[in-house]
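Here is the structure we will look at.
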Amino acid sequence: MKHVTRIADLGPEALERILARAKEWKAGPPPRHLRGKILGMIFFNPSLRTRASFEAVMARGGGRAIIIEAGAGAWKLEDRVGVVMNADCPEHLKEAVPVMSRYVDVLAVRSFSRSISDEDDNADAVLRAFQKYATVPVISMESAREHPCQGLADLMTIEESFTEPKGLPVTLTWAPHIKPLPKAVPNSFLLTAAARGCEVRVAHPPGFELHHEIRAEAEALAKNAGGKICYFREQDSALIGTRAIYAKAWGPATARELPADSVTRHNDWMITARQMNLAAPEAIFLHCLPVRRNVEVADEVLDGKWSRVIDQAENRFHVQRALLDWLLN
Amino acid sequence: MKHVTRIADLGPEALERILARAKEWKAGPPPRHLRGKILGMIFFNPSLRTRASFEAVMARGGGRAIIIEAGAGAWKLEDRVGVVMNADCPEHLKEAVPVMSRYVDVLAVRSFSRSISDEDDNADAVLRAFQKYATVPVISMESAREHPCQGLADLMTIEESFTEPKGLPVTLTWAPHIKPLPKAVPNSFLLTAAARGCEVRVAHPPGFELHHEIRAEAEALAKNAGGKICYFREQDSALIGTRAIYAKAWGPATARELPADSVTRHNDWMITARQMNLAAPEAIFLHCLPVRRNVEVADEVLDGKWSRVIDQAENRFHVQRALLDWLLN
Amino acid sequence: MKHVTRIADLGPEALERILARAKEWKAGPPPRHLRGKILGMIFFNPSLRTRASFEAVMARGGGRAIIIEAGAGAWKLEDRVGVVMNADCPEHLKEAVPVMSRYVDVLAVRSFSRSISDEDDNADAVLRAFQKYATVPVISMESAREHPCQGLADLMTIEESFTEPKGLPVTLTWAPHIKPLPKAVPNSFLLTAAARGCEVRVAHPPGFELHHEIRAEAEALAKNAGGKICYFREQDSALIGTRAIYAKAWGPATARELPADSVTRHNDWMITARQMNLAAPEAIFLHCLPVRRNVEVADEVLDGKWSRVIDQAENRFHVQRALLDWLLN
């Protein structure tokens, strides 16, 4: 059974096929290609784009989405094996996931990070439990470790502007924020850009390293695709001549408590016109959204000629449509 | 691009056409006239009738509704321009609205009042931001200033009982409540009844005046439609011989803190059989619902021969169906 | 108008017909038999299985479900007659239910127990109000008194393993829990198994008696169907040679405060392999879910050869499909 929980779940052929179909169908999709299909969506965290774009994919394709909000409209779910369930979770994933599998054709889950540690994020226990207990394909709508649908939309957006991703210099830069965010989005951008053969430049302040397994996996993907990855501890060098600047806030590598002065200390990492002008003249600006204006990115960039953030969000719809078609048909 | 955020967005022809179609299709609607269409509904406040009636319209018409609850299933949305977003809103309407526009065919928004001041309500910042940033038509499902779908349903209900609205005496009367409510519903009833040429009588205790811009707009609409508007500071004179009594609670004009004795001081404004008997024998009773029984209106009225409140709520469905058809087809 | 709020709402013929159709359609259902139909679902309490299974039934059948969460996406609803509504419920069921009836073809409601007393549960005021005020059929998705869709799924699961329910020994056993739960599920299992003519054995510690009206109703149903009901105050005797063990936690009969030592005092009532081995070799294990593992039931039972809990949850879908077809077609 096919699952899409990591970029590694898609080999280079599937990746190529899904991105090609997404671009093709953006112009004119086949009608009702998901007719009669039901997507079960389980959210452990709030969502706007993900929820609306997946619902729209199912509606446009003639299928239906069913939404369960764990902890809100439904209850909290236990994932630990062998535990005596006498605390606040009244149901185990061992029951909830097989049961949901009986009602739907695909299960999509937003499990998110529990904000315990990088090791906990990398282990991705909740999503792994879904994959283990499900009897239908599982799609990640962002877990602690990765956000593959976002990675696909990111690369689709880049390839719409520059056609050929191989060897294309693109920069993932850390951005300031008011709190430490999980690393699923930067991880997925890094992995997907690597798998498409980009020259990926990753810039962040010391102490904000991505997990060593992610970096090793990206290295292997880049090698296989003929691309490369470089890391920078200051921002400007990573921006000079680049074709795409992807700004994203994430938390420190070793602890989830952000030092009190993290934001003020690094607030010159906020992307402004100055940084955009270091990049190539045709460079584009990307962000997964939601974005905190004038904290992560200045208004002048989001409202300026460089920004592709709305197209990037629209592309979530197109890659997810192609992904569901690939999983189900 | 057409929007429906105020009664003024509909000229007299569109108003006539939508009401006529709503009445015609109540008997037998065309099948699947919204086939393949997606309505995106964004709620900043809870809803029962609005949500269920719009979902039913889309379902009956062969389309689909997608629901986003800002602050619940999704996050809080910022509307101020140029702000440094370091507080509790992680996303700006500048991103959320264009993104949603990419997934759906129409955006409906319940922005409600922020309960700051009448000036703030009249400025209607959140709804205006939707209208500014959207790339698809925007429908108001009640904003701080108006509730046009309610106004349409109100007049449809009156016209079902009396056919000709021109010159028909109808009364909007303030009602007691346990807290100060926004004025969108009385505003929309006044504006719509004025636009249909009714003889509109508005009664409220001193200090509960509607906003001067609304009154001026209603005056102009009445003049244009050959109707008139009269204001009363006591209730009985406004009721004598009237054909429809519309009861609605709303807050004082100048401050949102209700004087401690507001309810008890004016509790004789609650509509009972005594008031209904001042009206014409064939008079009907209207309320937008939800209604606090025995606070705003006595059981004997809601459960009596006069009440059309359930039909009025049903008519939300019919006018919204006609409205969406007018916007989309 | 047909309603399904209690097992007694279905005579033996309807019960037989719905179960037969559910089994038949599990293999291959008719396409789009609910085309154009809208199910309105109102939840006063969270739900996972019920919500997802009903949404899936409507989607698979070509219809649509509309979901209202009272107190969450919508507001709290008053059910008392004649009350002055000056407290926390802004809307009365007298309005909400007729209004919803105008938008949908069937109303499903989860009203649940208010955890006041067994008498209050048995009176089932909220569900009775729905039945009184609705102008379309009402389905209970679990009220304070009964959970008829669960009872139907329970018996379908038993009949899939043993074909003939008449005279079949089946055991409903109380199970430990961290808090006192309502009795709707044990009530419905007892009533449905009685109506199908099983030899029903009910085991619970002293003080956890089911309501006398439920027991009398079950007695009459058993007599009519040629079955019988026996009560046990210790567990083992009720298990020997039985074909199905249904474990369910519920609260004490006379008070909702569980004595401090209730769980520890009766924790030998937790179902383990030891208990399963007292039953017939082909015996199956049932639970309505959600289940607290290693509190109500040991992992070895839920993960062992006996368990049919996932099939039982799947069967919710099948019986509800047959039920809606019976109500609407």
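Every read-out reported here was derived from the displayed coordinates using simple, explicitly stated rules and does not represent laboratory data. No experiment lies behind these values; they were computed from the predicted model shown. All Cβ positions, even for glycine, are placed from backbone atoms using ideal geometry, and neighbour counts span all protein chains on display.
Structure notes:
- Net dipole in debye of segment A:148-312 [+1 Lys, Arg Cβ; -1 Asp, Glu Cβ; about Cα centre; nearest 20]: 200
- The mean number of Cβ atoms from other chains found within 10 Å of a Cβ in peptide B:59-67 is 5, as a whole number.
- Averaging the Cα positions of each part gives two centres, and for segment C:128-155 and segment A:195-223 these lie 56 Å apart.
- Proxy reagent accessibility, fewest Cβ within 10 Å first, across A:141, A:85: A:85, A:141
- Simple spin-label estimate for residue C:24 and residue B:32 in nanometres, 7 Å along Cα-Cβ: 2.7
- Once backbone amide H atoms are built at 1.01 Å from N, residue B:66 has B:39, B:40, B:41 as its partners under 5 Å, excluding neighbours fewer than 5 places away on the same chain.
- Taking 25 °C and 0.890 mPa s as conditions, segment C:149-312 diffuses translationally at an estimated 158 µm²/s according to Stokes-Einstein applied to its Kirkwood radius (Cα pairs).
- Ascending distances from the residue A:20 label point to its copies in the other chains, with the point 7 Å along the Cα-to-beta-carbon line: 5.4, 5.4 nm.
- Acute angle (nearest 10 degrees) that the helix C:148-162 long axis makes with the longest principal axis of chain C, alpha-carbon atoms: 40
- q = 0.22 Å⁻¹, segment A:27-76: log10 I(q)/I(0) [Debye, one scatterer per Cα]: -0.77
- Teacher prompt: residue C:2 distances to equivalent labels in other copies, 7 Å Cα→Cβ, nm: 4.2, 4.2
- In this structure, residue A:300 and residue B:135 have a Cβ-Cβ separation that, at R0 = 22 Å, corresponds to a calculated FRET efficiency of about 0.50.
- Distance between segment A:258-329 and segment A:62-112 - C-alpha centres, whole angstrom: 32
- Using the Karplus relation 6.51 cos²θ - 1.76 cosθ + 1.60 with θ = phi - 60°, the per-residue 3J(HN,Hα) values for segment B:310-322 come to 6, 4, 4, 5, 4, 5, 3, 4, 5, 5, 5, 5, 5 Hz, with x marking Gly and Pro.
- Selection among A:254, A:302, A:231 by position relative to the dipole of segment A:148-312 gives A:254 as farthest towards the positive end (Cβ unit charges, Cα centre).
- For chain C, the dipole from Cβ point charges (+1 on Lys and Arg, -1 on Asp and Glu) about the Cα centre works out to 820 debye, to the nearest 20.
- Overall dimensions of the protein assembly as shown by Cα: Rg and Dmax, Å: 30.3, 87
- With Cα atoms as the point set, chain A shows a radius of gyration and Dmax of 19.4, 60 Å.
- Under 15 Å, Cβ to Cβ, from residue B:186 - net charge with Lys/Arg +1 and Asp/Glu -1: -3
- Taking label points 7 Å from Cα along the Cα-to-Cβ direction, residue A:76 and residue C:80 give a separation of 3.3 nm.
- Peptide A:284-293 is shielded by partner chain Cβ atoms: per residue, an average of 5 of them sit within 10 Å of its Cβ.
- Cα pair distances of segment B:4-125 binned at 5 Å [whole percent]: 2, 9, 14, 18, 21, 16, 10, 6, 3, 1, 0
- Rounded FRET efficiency, nearest 0.05, which uses the C-beta distance separating residue A:116 from residue A:88 and R0 of 22 Å: 0.85
- Positive-end residue of B:84, B:3, B:129, charge dipole of chain B with Cβ unit charges: B:3
- Between the alpha-carbon centres of segment C:1-49 and segment A:163-178 there is a gap of 53 Å.
- The angle separating the long axis of helix A:212-225 from the principal Cα axis of greatest extent in chain A is about 80 degrees.
- Using the Cβ-Cβ distance between residue C:213 and residue B:179 with R0 = 51 Å, the FRET efficiency computed as 1/(1 + (r/R0)^6) comes to roughly 0.75.
- Over the protein assembly as shown, dividing the summed -39,500 (n - 2.57) contributions of all DSSP H runs of at least 4 residues by the number of residues returns a 222 nm mean residue ellipticity of -12000 deg cm²/dmol.
- Here is how far apart the residue C:213 label points are across copies: 5.7, 5.7 nm, shortest first, using a point 7 Å from Cα toward Cβ.
- Neighbourhood net charge (15 Å Cβ-Cβ; Lys/Arg +1, Asp/Glu -1) for residue C:308: +1
- Using C-alpha pairs under 8 Å with a sequence gap of at least 6, the mean separation divided by the residue count of chain B gives a relative contact order of 19 percent.
- Average partner coverage of C:186-199, which counts Cβ from other chains inside 10 Å: 0
- Each residue of segment C:170-187 was assigned a 3J(HN,Hα) from its phi angle through the Karplus curve 6.51 cos²θ - 1.76 cosθ + 1.60 (θ = phi - 60°); the sequence is 10, 10, 9, 10, 4, 9, x, 7, 8, 8, x, 9, x, 10, 4, 5, x, 4 Hz, with glycine and proline shown as x.
- Dipole-positive endmost among B:138, A:188, B:180 within the protein assembly as shown (Cβ charges, Cα centre): B:138
- Pairs from A:94/A:223; A:228/A:305; A:26/A:179; C:26/C:183; B:23/B:305 whose Cα-Cα separation, in the structure shown, is over 32 Å: A:94/A:223; A:26/A:179
- Between residue C:273 and residue A:277, the modelled label-to-label distance comes to 7.5 nm, taking each label 7 Å out from Cα in the direction of the beta carbon.
- Taking the average, over residues, of other Cβ atoms within 10 Å as the packing measure, peptides C:192-201, C:310-319, C:26-35, B:159-168 rank C:192-201, C:310-319, B:159-168, C:26-35 from highest down.
- Compared with the dominant Cα axis of chain A, that is its longest principal axis, helix A:49-61 is turned about 60°.
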